[in-house]
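Here the structure comes first, spelled out in structure tokens, and everything after it is commentary.
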Amino acid sequence: MLICLGDMIFSGLLFSPTLRVWNLRLLLLATLVAFIWLPLAIKEVDVVFYILSPTFVLILVHHVAFLFRWPIPILALVDWLLAFLESCGVVAGLYISALPRLYIATFKFVCIPLGTSMLLSMIFRTATILQNQERLFHQRFAFLGGCPIPSRPYTPLSILPNRSISRPLVRGESTIVILVRAVVLSRITIGLPIFAVYFVLVSGK
């Protein structure tokens, strides 16, 4: 009975739409922070230019683009391989750069959230692929694949910023106004932590 209960809890976490959405937000935020700060902390220009920066750009483009439904078979496998390559790129770039001790605090603050969210992202994708009854090369990618449908279904617009700020404030509000407001508020939300990290690290030198 305890084993069955544990399986239910574990399955509930693997296929929780809320957990997947917030993990994606953490991944995008951590990637933006790393994209801005790590080039300042790492002296090896080649590592930043040829490995880390392209990897961070790929993470942002990949995870945002794949929120939309693309009716293309084998896309689930392509998505998994991209996520795996991104993880390898981040690990390789940080390993080669060998951050000095001065930036150990930065490393923990920036890279632990990034690494955790990337690992969870890989786990979620693997779980979705394994529970799918279709053959691997025929599987289409679905960000919330296998998850129960929430009472208010997620859309790319509500996933990226936040469900609350993507709702219309007044009746009849246009989609353009909603999108502009969501982007502005999201950038403020993202910019404040980045500024805080920059201020702490620069003042600590």
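The values are calculated or read from the model by the stated rules, or taken from the named source; none is laboratory data. All values derive from a computational prediction rather than experimental measurement. All Cβ positions, even for glycine, are placed from backbone atoms using ideal geometry, and neighbour counts span all protein chains on display.
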Report summary line: Taking the stretch 130-158 and the residues there that are buried (at least 16 other Cβ atoms within 10 Å of the Cβ) and of a type in the set (S, T, N, Q), the one that is farthest from HIS63 (Cα to Cα) would be ASN132
Report summary line: When the stretch 125-147 is checked residue by residue, the ones that are basic (Lys, Arg) and either without any contact (Cβ under 8 Å) to a residue 60 or more places away in the chain or within 20 Å of SER87 (Cα to Cα) (or both) are ARG125, ARG135
**Report entry** Count of the stretch 37-65 residues which are touching a Leu at 6+ places or on another chain (Cβ under 8 Å) and closer than 23 Å to ARG140 by Cα
**Finding:** 6
Requested in this report: Return the only residue of LEU77, LEU120, LEU130 being in a helix (DSSP H, G or I), modelled with pLDDT of 90 or more and more than 23 Å from THR18 (Cβ to Cβ).
Outcome: LEU77
**Report entry** the stretch 1-33 - residue that is farther than 30 Å from GLY93 by Cα and of a type in the set (Ser, Thr, Tyr) and, of those, modelled with the highest pLDDT
**Finding:** SER16
